[in-house]
Every structure is written in C-alpha cells, then in structure tokens.
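The values are calculated or read from the model by the stated rules, or taken from the named source; none is laboratory data. All values reported here derive from a predicted model rather than from experimental measurement. Positions of Cβ are generated from backbone atoms using ideal geometry, with glycine treated the same way; all protein chains shown enter the neighbour counts. Protein only, heavy atoms only, side chains kept; ligands, DNA and RNA dropped before computing areas. Shrake-Rupley method; radii C 1.70, N 1.55, O 1.52, S 1.80 Å.
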Amino acid sequence: MPVKARTVLVLLLWSWTLACGQSKSPARPSILLVTLDTTRADSIGPDAAKISTPAFDRVAARGLRFRNAYAAVPETLPSHTTLMTGLYPAGHGIHQNGRTLDPAFPTIAEKLHGAGYRTAAFVSAFVLARQFGLARGFDLYDDRMPAGQSERTARETTDAAIAELKSTSAQPRFVWVHYYDPHYPYAPPEPYRTKYAASPYLGEIASMDHELGRLLDAWAATVGNDSGVVLVADHGEGLGDHGEARHGTLLYQSTMHVPLVIEGPGVNAGVSDDAVSTRQVFYTILDWARLGGEQSLRRAGDGLRTRDLGQRSTDAGPVLGEAMKPFLDYGWQPQVMAIAEVSDCSAGLQVCPRKAIEAGRLEVYDLASDPAEAHDLGSGANLPAAMRKGVGDYPLPSTEAGRAPDTLDADARARLASLGYISAGAAPVVRKDAPRPADMVGLLPIIEEASGLFVAGEYRQAIPLFEKIRAADPGNLDATLRLAVSQSLTGHRAEADERFAEAKRLAPDSPDVDVYRGLHYARYGDIARAEPLLQQALTRFPDRATVIEALADLREKQKRFAEAVALRQKLYSLQPPTGAQLAHLGSLAMDAENTAAAIDAFTKARALQGPAFTHDLDLGVLYMDERRFADARDALDRVPAPNPNYPMALFKRAEVAVLLHEPDARQRLELAKRKADAVTRPLIEADRLFK
Ligand SMILES: [Zn+2]
C-alpha cells in the first residue's frame with residue numbers, strides 16, 4: 001500500500017506549526033536539488049527495466065518516490081524555470097530555450113539566500129548559463145564549460161560540486177546540481193559504453209547515476225542526514241515514441257512523465273501514485289526551509305492555483321503541461337495537457353490518472369490501462385470539468401512572451417545550436433487550420449537538418465530543405481522567414497523579396513519579420529526601405545545586436561558618422577568587440593571629429609591587437625589634438641619604417657619634438673625632410689613650428 005502523500009502534507013504542516021510555536025526554532029535544513037536532464041521516468045529507479053541505477057535507488061528507498069510526476073514543459077530552460085519559480089510557463093513566460101527570465105519573478109535560490117542559506121549551483125550545459133536568468137540568488141553559479149564546448153560531463157560537474165562541499169559553512173546550504181549526460185548525442189564513457197551497447201541512452205543514465213552516487217556521498221559527509229534531497233528530471237526523451245526522437249515537440253508520456261524523489265524533513269519513505277507537477281518542487285523546498293506561506297506563494301496565482309506537494313490532484317485541479325515550441329516556431333497548433341485522477345477508469349481500480357491533450361482537437365488517454373497512449377478515448381470521453389477547464393483556459397504565449405533574447409549574440413546562438421536548440425524568435429501566428437504537431441513529426445528531421453545548416457551559415461544547402469518544408473507546410477513562418485534570409489544572403493534578391501512578402505502576410509504584426517526585412521533591404525543598399533524598418537525595430541528592441549549593427553552600417557553609408565559611432569558604442573557595450581571592430585570604430589569617430597571617442601577606441605583596439613594594430617599615426621595625431629604630446633610621441637615612435645605613412649609619422653614626430661623642446665628636434669626635422677614624400681614636403685615647408 002503506497003504511503004499517501006496527503007500524510008506527508010499533514011506532517012509537513014504539523015512540523016511547521018510546531019516550529020512556529022517554539023520560541024527558538026531549530027536550524028533550517030540544508031537542501032540538495034539534483035536535476036537529471038532528458039531522463040525518462042521508465043529509465044531510472046527501481047522500476048526501470050534493463051538498467052541499474054543504485055544511487056537513485058538509494059534515495060528512493062529512503063524517500064518518497066512519485067510514480068506519476070510530470071514536467072511542465074519538455075524543454076530544458078523552461079522546465080528548470082518552472083522548478084525554480086513554482087510557476088507554469090504561462091506564469092513565468094519562458095516557453096523556449098534562449099530566453100531570459102524576467103527579474104520580477106523570485107527564484108527559490110533568492111528566497112533561500114534571503115533566509116541565510118549559502119547557495120551554489122553547478123550546471124552542465126550552456127542552455128542554463130547565467131545569462132538566461134536562473135543564476136539570481138546563488139552565491140556561486142558555476143556554469144563553466146570546457147574550452148570550446150557547450151556542455152560538460154557529470155564527472156566534471158560532480159568534481160566542481162564536491163570542491164564546494166569541502167569548504168566549511170556555518171550556514172545551511174542550498175545546492176543545485178544539473179546533469180546533462182542523457183541529452184543527445186548518446187555517448188557514454190566506459191564501462192557504460194560496453195555494458196549498455198544496446199542502448200547508449202541508458203548507458204548515459206547509468207554513468208550519470210554513478211556520478212550522482214559520488215555527489216550523494218560527498219553531501220552526506222558534509223551535511224549529515226538531516227537534509228532535504230530532491231531528484232527530478234526536467235523532461236524525458238522520445239526515443240521514437242509517437243514518432244518523436246528527442247523532446248520538445250509533443251506532450252506524450254515519453255517526454256512529460258519524469259522521475260521524482262524527495263527525501264527530507266517530514267517525509268516518510270514510500271511510493272505515491274498521485275499525479276504531481278515538478279513545479280511543486282519549489283513549494284517543497286520552501287516548506288523545508290520554513291518559508292512557505294509567504295505572500296510570494298500566492299503570487300503564483302497565474303490563474304492556476306498553487307498546491308502543496310502531496311495534495312491530491314482531484315482535490316486541487318489537474319496537473320498541467322505545455323509544449324509551445326512547434327506553435328512558436330512553426331505556427332502549428334499550441335499544445336496543452338492536463339492530468340488528473342478520475343474514478344471511472346477502465347482498469348477496475350478506484351482511481352487512476354487520465355490525461356487530456358488539447359492540440360487542435362482533444363485527445364484523452366487512460367494512463368493506468370494505456371500508458372503508451374495508443375488508444376485515444378476522444379473528446380467524448382468522461383473528463384472532469386476541471387480538466388477541460390485546465391486545458392481550455394491555459395493562456396497561450398503572447399508575442400511578447402518571455403523577455404526576448406535581446407543580447408543573444410551570434411556566439412550564444414551558435415552555442416545553443418550546438419546543443420540542438422534553434423529558434424527563429426518569430427512571433428506566433430494563431431492559425432485555425434494549423435497542423436497538429438503529432439501529425440507533423442515526419443517533417444521534424446528535415447526541419448532539424450535545415451535549421452542546423454542555417455545556423456552553421458550553410459545557406460545555399462539549406463534553401464532546398466526550407467523549400468521542401470514549405471511544400472509540406474505552406475503556413476510555416478519559421479521556414480518562410482529562414483528561406484527568405486537564406487536567399488537574401490546568397491544573392492537571390494528577387495526571390496527573397498517574395499518570401500519576405502509572404503512572411504509578412506503570415507505574421508503581419510511580427511516584429512521579427514520586420515527586423516529581417518529591414519536587414520535584407522539594408523544588405524542591398526535599399527536605404528529608403530531599410531531605414532524606417534530598422535528604426536522601428538530599434539525602438540522596439542533597443543538591445544538587439546543585429547539591429548543596432550545594421551543601423552550603424554546604414555548610418556555610415558549615409559555619412560551620418562556621429563550616429564554610427566553612438567550605435568557602435570552601444571553595440572560594444574552589449575557584446576565585447578574585436579580589435580578590428582574597435583579600430584573601425586576609431587576611424588568612424590575620426591570621421592565624426594570626435595577625438596575623445598577615437599582615442600578611446602584606438603587605445604582599446606591596440607590593447608587587443610598588439611603588433612597587428614595599424615593606427616598609431618592616427619592615435620599620434622589625435623593625442624596632438626588633445627595636447628597630450630608625450631602620448632603622441634610614443635604613438636608616433638611606434639609607426640614602423642615600412643609603413644606607407646612613415647613620412648607623415650616622421651613629420652608629425654618632428655612637430656612633437658619641437659613642442660616638447662626635445663634636444664634632438666633639429667635632427668628629427670632633418671630626417672622628416674630627407675624621407676619626405678609628395679604629401680609631407682609642402683606641409684613641412686609651410687609649417688610655422690619649424691620656423
Ligand atoms: Zn533538458
């Protein structure tokens with residue numbers, strides 16, 4: 001007989017009340033949260049076939065294991081954002097990777113830090129790097145990846161976490177460790193590669209479990225037994241179920257049903273079959289830290305009532321989930337799921353979980369008798385009103401959903417792409433006749449290949465694939481927009497014009513379409529059309545690097561140098577410039593007659609470029625303009641003899657020698673005269689300094 005989680009809730013509340021009633025409350029417990037990326041519920045733990053995961057099993061034996069736990073969204077950043085905020089994506093606004101959590105939403109780390117916890121996080125993939133908003137509240141946020149890589153192994157992450165655990169702390173600890181190994185591609189290290197040769201995916205999980213064991217040992221050695229531990233996956237993996245190889249596209253059990261174990265204060269060992277959402281991890285940790293019941297808990301009222309862990313889903317509304325990526329990227333049907341226990345299930349049990357997926361039409365599954373979701377009971381099936389309401393009322397992402405990744409530079413995009421995450425960032429268009437994602441899985445490999453080529457800059461090869469996607473799905477905004485950009489970048493201006501017009505028809509209000517159209521016109525020197533689009537885009541996305549850069553180029557072409565300088569300065573405050581870019585900015589600032597900006601840019605360029613820096617003459621002249629003669633002398637002395645500007649440098653250097661009253665001023669003038677060319681000769685003749 002499984003321990004009913006209701007008991008846990010009562011215990012938690014009881015111990016909380018006790019603590020509050022005492023004049024001196026005991027120390028808050030240390031808490032360890034381990035998130036297992038891409039780990040299916042059926043691939044870890046005591047019930048998993050074909051794999052042994054002793055470390056996970058150890059926690060499961062001591063703690064409470066949920067056999068019906070569900071991710072809120074089958075993608076890494078949004079799912080982790082749910083764990084950290086207790087909100088569904090509709091609440092926190094992060095539906096996709098590559099977005100940044102709005103600072104208005106408090107995270108569990110901030111709350112614990114505020115309560116005196118020492119907080120540390122160790123993440124294993126760039127998709128959770130600090131720039132995406134989850135680092136808030138952590139004293140230490142370790143998102144270091146090996147050079148040139150976008151992920152690290154569980155071994156590397158565990159080593160980093162153990163190093164932190166070895167430091168002494170009088171404060172209670174909150175430690176979050178994220179493992180990424182089971183994410184595609186599946187390449188487990190030995191001995192797991194050999195042992196799980198038939199399923200490298202399971203090999204990755206077994207290897208990760210080994211590292212989890214090391215982490216748990218170090219944790220026990222550091223904080224002892226009176227602590228809270230949560231093991232949970234952010235989502236599962238399709239592995240071909242329902243035609244989905246990976247995750248993020250569909251809402252079936254393979255990616256939404258996840259492992260979840262909690263062990264800690266007030267938790268009795270056992271198994272629960274209650275349907276729960278991983279977002280309840282947030283409230284569990286708050287409970288352990290005795291921070292529950294704060295006003296911030298009620299903030300979670302995103303129209304979807306908060307529930308304490310263990311409360312039965314039938315009492316408090318269904319568990320919800322969403323997969324909006326196909327909607328946001330391709331304009332396919334938005335997908336929402338609801339899971340709750342019903343009493344008329346076919347298995348002859350008293351209660352069993354029923355699942356509804358709304359994606360253009362309603363699918364209903366009896367999870368107890370049909371865990372593979374092979375038999376759709378259809379929209380006519382008996383469904384509690386709360387479930388219908390749950391999927392029906394779930395808010396769709398708006399065009400402004402999630403803060404746009406304004407500062408996501410080319411490097412960040414490339415790193416996300418290297419992990420398999422690519423997003424056009426286009427605004428969603430709601431189409432009544434839009435395809436259902438479940439019917440479109442056949443197109444996914446082509447979309448993936450085309451997107452990969454696009455991000456790698458292989459536009460010529462990507463074009464036929466985008467055309468293929470559009471043939472199957474003419475309303476696909478992402479494919480239309482990327483095809484237009486590919487055509488624009490490969491010199492097919494007329495075709496690109498047509499595709500952009502189509503994209504505009506598909507998404508008339510999409511700022512992204514206007515941005516890319518503006519960039520296209522600018523590329524072909526059509527300033528009249530580019531200028532208003534880029535200006536509007538800049539007003540709307542003041543920090544979007546591509547827009548700032550395109551407008552800076554445009555201003556330069558128009559010889560509006562002061563504006564070009566200001567735009568480039570802004571751009572480089574958002575993403576670090578190269579030496580060559582700074583040297584270009586210096587020249588622009590000279591064109592704008594902005595001496596201070598030119599000196600600043602050239603000085604920084606020189607520091608980055610070293611011997612490759614070629615603007616010492618410019619710098620010397622600028623310093624003279626500022627009457628910084630000693631700096632001018634040093635800069636001019638650096639102009640090498642083979643440089644075509646050498647005669648000019650000698651002339652200017654002679655001037656500086658006079659101005660600084662150097663004893664060899666006369667010899668320098670003689671040298672300048674001897675080496676003079678057609679440009680400097682008349683200048684030297686006319687120069688009053690030399691009289
Ligand atoms: Zn993930």
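Data overview
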| quantity | calculated |
| --- | --- |
| Set of lysines with alpha-carbon distance to Lys355 below 18 Å, sequence-local pairs under 8 removed | Lys389 |
| Spatially close lysines, pair count over the range 540-691: Cα under 30 Å, gap of eight or more or interchain | 12 |
| Sites Val679 and Leu608 - FRET efficiency at Förster radius 41 Å, r taken between beta-carbons, to 0.05 | 0.85 |
| Intensity falloff of the range 129-288 expressed as log10 I(q)/I(0), Debye formula with alpha-carbon point scatterers, at q = 0.14 Å⁻¹ | -0.89 |
| Ratio Rg/Rh [Cα only; Rh per Kirkwood] for the range 612-663 | 0.95 |
| Heavy-atom SASA rank of Glu341, Glu563 (probe 1.4 Å, accessible area, largest first) | Glu563, Glu341 |
| Protein accessible area in the chain, 1.4 Å probe - carbon and sulfur % | 53 |
| Area of His235 that stays accessible when all protein chains are in place (1.4 Å probe, Å², to 10) | 0 |
| Dipole magnitude (debye, nearest 20) for the range 532-644, charges at Cβ of Lys, Arg, Asp, Glu | 320 |
| Sequence ranges 67-78, 144-155, ranked by mean other-Cβ count within 10 angstrom, highest first | 67-78, 144-155 |
| Theoretical gain in end-to-end length, Gln535 to Ala170 [0.36 nm per residue, Cα-Cα removed] | 126.0 nm |
| Cα pair distances in the range 580-691, grouped into 5 Å bins until the bin that holds the longest one, percent each | 2, 13, 22, 23, 20, 12, 7, 1, 0 |
| Scaled radius of gyration (Cα, divided by 2.2 N^0.38 Å) that the range 95-183 gives | 1.10 |
| Test item: Cα-centred dipole of the range 470-575, Lys/Arg +1 and Asp/Glu -1 on Cβ, debye | 300 |
| Exposure rank, largest accessible area first [Leu617, Leu689; 1.4 Å] | Leu689, Leu617 |
| Per-pair calculated FRET efficiency, R0 = 51 Å: Arg388 and Lys559 via Cβ, rounded to 0.05 | 0.20 |
| Whichever aspartates and glutamates have a C-alpha closer than 20 Å to that of Lys432, once near sequence neighbours (fewer than 8 apart) are set aside | Glu322, Asp329, Glu358, Glu363, Asp393, Asp473, Asp478, Glu502, Asp509 |
| Heavy-atom accessible area ranking, 1.4 Å probe, most first, across Lys111, Lys604, Lys557, Lys355 | Lys557, Lys604, Lys111, Lys355 |
| Under-5 Å amide H pairs with Ala69, H placed in peptide plane, nonlocal only | Val258, Val276 |
| Overall dimensions of the chain by Cα: Rg and Dmax, Å | 30.8, 111 |
| Ellipticity estimate at 222 nm from DSSP helix runs (n ≥ 4, -39,500 (n - 2.57)) divided over the chain, nearest 500 | -14000 deg cm²/dmol |
| Whole-Å semi-axes of the range 552-641's equivalent ellipsoid (Cα gyration tensor) | 22, 15, 10 |
| ³J(HN,Hα) computed for each position of the range 275-292 - Karplus, 6.51 cos²θ - 1.76 cosθ + 1.60, integer Hz, glycine/proline x | 6, 9, 9, 5, 5, 6, 4, 3, 6, 4, 5, 4, 4, 4, 7, 6, 10, x |
| Rg over Rh, two decimals, the range 220-274 (C-alpha only, Kirkwood Rh) | 1.16 |
| Probe 1.4 Å - accessible area at Arg173, Å² to nearest ten | 10 |
| Angstrom value of the Kirkwood radius, inverse mean 1/r, which spans all Cα pairs in the range 422-539 | 14.6 |
| Reference-scaled alpha-carbon Rg (2.2 N^0.38 Å with N residues) for the range 496-555 | 1.02 |
| Solvent-accessible area of Asp393 with every protein chain in place, 1.4 Å probe, in Å² to the nearest 10 | 90 |
| Estimated FRET transfer efficiency (Ala494, Ala374; beta-carbon r; R0 56 Å; 0.05) | 0.70 |
| Length released on extending from Ser52 to Ala115, taking residue separation times 0.36 nm less the Cα-Cα span | 18.9 nm |
| Nearest-20 debye value, the chain charge dipole, Cβ charges on Lys, Arg, Asp, Glu | 1340 |
| Candidate lysines - alpha carbon under 30 Å from Lys195, same-chain residues fewer than 8 apart omitted | Lys50 |
| Sorted peptide list for 93-103, 673-683, criterion being average Cβ within 10 angstrom, highest first | 93-103, 673-683 |
